[in-house]
Amino acid sequence: MVDTNLFIAKTEVMDVAEKFLRLCKPYFPEDQLIDIYHAATCLQESAVLITNDRHFDRINEEKIIEVWSISKAIEEFGI
């Protein structure tokens, strides 16, 4: 069972700067606003995005942000 309190304690709310949203926006359709925020947060924080969502392929291929599949993350973290 997952300890939700531990998860919440490790969660940090981020304010994404407008410049990162503008940099990421061209890589997504207008109806993918949440994906723009996910990508912009990763760009701002130099974080790796772990997802199997193909919407992030282009921004990953252009090396704007680094995107790992879930299976790659499992491999990298030795889970």
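Scanning segment 11-41 for residues that are in a loop (DSSP other than H, G, I, E, B) and closer than 17 Å to ASP53 by Cα turns up PHE28, PRO29, GLU30, ASP31, GLN32.
Give me the residue from segment 33-65 that is charged (D, E, K, R) and under 22 Å from ASP15 (Cβ atoms) and, out of that set, surrounded by the fewest Cβ atoms within 10 Å (Cβ to Cβ). Of everything passing the filter in segment 33-65, GLU45 is surrounded by the fewest Cβ atoms within 10 Å (Cβ to Cβ). Scanning segment 33-72 for residues that are touching a residue at least 24 places away in the same chain (Cβ under 8 Å) and of a type in the set (Gly, Ala, Ser) turns up ALA39, ALA40. Which of the residues that make up segment 1-10 are part of a helix (DSSP H, G or I) and either β-branched (Val, Ile, Thr) or at pLDDT 95 or above (or both)? Those that are part of a helix (DSSP H, G or I) and either β-branched (Val, Ile, Thr) or at pLDDT 95 or above (or both): THR4, ILE8. Residues of segment 15-32 that are hydrophobic (A, V, I, L, M, F, W, C) and without any contact (Cβ under 8 Å) to a residue 40 or more places away in the chain: VAL16, ALA17, PHE20, LEU21, PHE28.
The values are calculated or read from the model by the stated rules, or taken from the named source; none is laboratory data. Small disclaimer: the values here were computed from a predicted structure and weren't measured. Counting neighbours? That spans all protein chains shown, and the Cβs are built from the backbone with ideal geometry, glycine included.
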